[in-house]
Structure formats: structure tokens, C-alpha cells
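K.L.:
Please read through the structure below; I'll follow up with questions.
The values are calculated or read from the model by the stated rules, or taken from the named source; none is laboratory data. The model shown is predicted, which means the values in this text are computed figures rather than measured ones. Ligands, DNA and RNA are stripped out before the accessible areas are found, and what is left, the full protein with its side chains, is counted by its heavy atoms. Shrake-Rupley method; radii C 1.70, N 1.55, O 1.52, S 1.80 Å.
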Amino acid sequence: SQIGDALESLAQTIAQRRNAGPESYTYRLLTGDLDTLLKKLVEEAHETTLAAKDVAVASDKTADVDHLRYEAGDVVYHLMVLLERCGIGLDEFAAELNSRMTEEELAGRGGIVMLKPEHVNRGNHVEK
């Protein structure tokens, strides 16, 4: 799967946009009013749910699946901007997801490694 590389590349681009200046949409989300970012994330999540409903009822799913994939991309982007703004990196986020798996599930998913607690900064985040 290419998802890890794609998320790492996106996270790096988002972090770099912190210094891009106000002409950058990502910069404005990272440095502007937090409520603007939060509202955008909720809006995109809502649009994703509506697109999923369209897929469920469509007879020709091609266009509807394309729309769902597009909206899901918007949710992931805005979520990653929020995580960057709050100082939560991909490794820490992965550790959170991994912490929800049992040891048996982790063992069965070769290559997924739970981070040691010292790599997780729970509760130590300050909005950048």
C-alpha cells in the first residue's frame, strides 16, 4: 500500500506550509483562527457522509465513488492540518491507532510497530 508514503509526504508539505505566508491556504489554516479550521473539518466530514450515501444508492457507482474518494481526501487533509497545528506527528498518531489493537492483531499485521511511550507526547501539546 502507498498510504504511508502519501501521508508522510502530505504531513511534510503541511509542516513546510507553516512558513509559506498568508497566500497559502494551509498557512492560514495553521496560523489563523482555530474555529475556521475546525468548521472546515466538520464541513468536509459532512460532505463525505453525503457522498457515501450517494454511493450506497447509486446504480452507476463510478462517479459517486470518485466523489466519495475526493471528499475523503479533503477530510484527511484537514485532519492532518489540525494534527500539525496541535503538534501531533504521524508517528504519534500511528501509535494511537496501534494502541487500539490487541497484541494478537498487531502480531498478525507484520510491520506495524507500537511506539514506546516515550515517543508519545500525550498531554504535552501546545498549539503552534
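K.L.:
Write down the accessible area per residue of region 1-73 in Å², having rolled a 1.4 Å probe over the full set of protein chains.
P.N.:
Accessible area per residue, region 1-73: 68 Å².
K.L.:
In addition: What are the residues whose amide H is under 5 Å from the amide H of GLY87, where those residues sit 5 or more places off or on another chain and H is modelled from the backbone?
P.N.:
Residues meeting the amide H criterion: LYS128.
K.L.:
Through the Karplus equation 6.51 cos²θ - 1.76 cosθ + 1.60, θ set to phi - 60°, convert the phi angles of region 76-93 into ³J(HN,Hα) values in whole Hz; use x for Gly and Pro.
P.N.:
Along region 76-93, the couplings run 4, 4, 5, 5, 5, 5, 4, 4, 4, 4, 8, x, 9, x, 5, 4, 5, 5 Hz.
K.L.:
Can I ask one more? Measure out, as a whole number of angstrom, how far apart the alpha-carbon centroids of region 53-111 and region 1-46 sit.
P.N.:
Cα centres, region 53-111 to region 1-46: 15 Å.
K.L.:
Classify region 1-64 from the C-alpha gyration tensor, please: rounded if a/c falls under 1.5, else prolate or oblate depending on whether a/b exceeds b/c.
P.N.:
Cα axes put region 1-64 in the oblate bin.
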